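Have a look at the structure below before the remarks.
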C-alpha cells in the first residue's frame, strides 16, 4: 500500500484537464491494490481486533475503508480537492495501521502462539 501512497503524493495535475487521466490511474490502482488489501483486512484483521476487545479500532478502520471506497467512486467526476482528500485519507489510514493496528494484532498473535506452549508444558 505504501507504494500507492508514494505514487499518489507525486501526482500534481498541471491543469484541471489532467484530472480525469490521473483519477483513472488512481482508480485502476485502487481496484488492483487497495480494494484487495481492504478485503483481506476486513476478512482477517478486523475480526481479530474485535476478538481482543478492540472493536472501536476495527470500526474506525472499516469506516476509513468505506470512505475511501466512496471517494474512489466519486472520481468519476474528479476534482483537485477530491484527489488531495483521498491522499490525506489514505495517509491517515496507513498511519493508524502502523501506529496501532499492527501492534495490537502482533500482541494478540503472540498471546495465541504462547498459550498452546503453556498447555504443552503442563
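The values are calculated or read from the model by the stated rules, or taken from the named source; none is laboratory data. Owing to the predicted nature of the structure, the values given are computational and were not obtained by experimental measurement. Neighbour counts run over all protein chains shown; Cβ positions are idealised from the backbone, glycine included.
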Does residue 31 qualify as being surrounded by fewer than 17 Cβ atoms within 10 Å (Cβ to Cβ), over 10 Å from the mean Cα position of the chain (by Cα), free of Cβ contacts under 8 Å to residues at least 60 places away in the same chain and under 19 Å from residue 109 (Cα atoms)?
-> no
Given the conditions (1) surrounded by 15 or more Cβ atoms within 10 Å (Cβ to Cβ); (2) more than 20 Å from residue 28 (Cβ to Cβ), which single one is not true for residue 92?
-> (1)
Kindly establish whether residue 121 is surrounded by fewer than 10 Cβ atoms within 10 Å (Cβ to Cβ) and either touching a strand residue (DSSP E or B) at 6+ places or on another chain (Cβ under 7 Å) or at pLDDT 90 or above (or both).
-> no
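Results for (1) touching a helix residue (DSSP H, G or I) at 6+ places or on another chain (Cβ under 9 Å); (2) part of a helix (DSSP H, G or I); (3) under 14 Å from residue 19 (Cβ atoms), shown as yes or no for each residue.
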position: 47; (1), (2), (3): yes, yes, no
position: 50; (1), (2), (3): yes, yes, no
position: 53; (1), (2), (3): no, no, no
position: 57; (1), (2), (3): yes, yes, no
position: 65; (1), (2), (3): yes, yes, no
position: 69; (1), (2), (3): yes, yes, no
position: 77; (1), (2), (3): yes, no, yes
position: 87; (1), (2), (3): yes, yes, yes
position: 90; (1), (2), (3): yes, yes, no
Check on residue 73, out of contact with any helix residue (DSSP H, G or I) (no Cβ under 8 Å at 6 or more places or on another chain), closer than 24 Å to residue 16 by Cα and either surrounded by 10 or more Cβ atoms within 10 Å (Cβ to Cβ) or at pLDDT 95 or above (or both) | yes
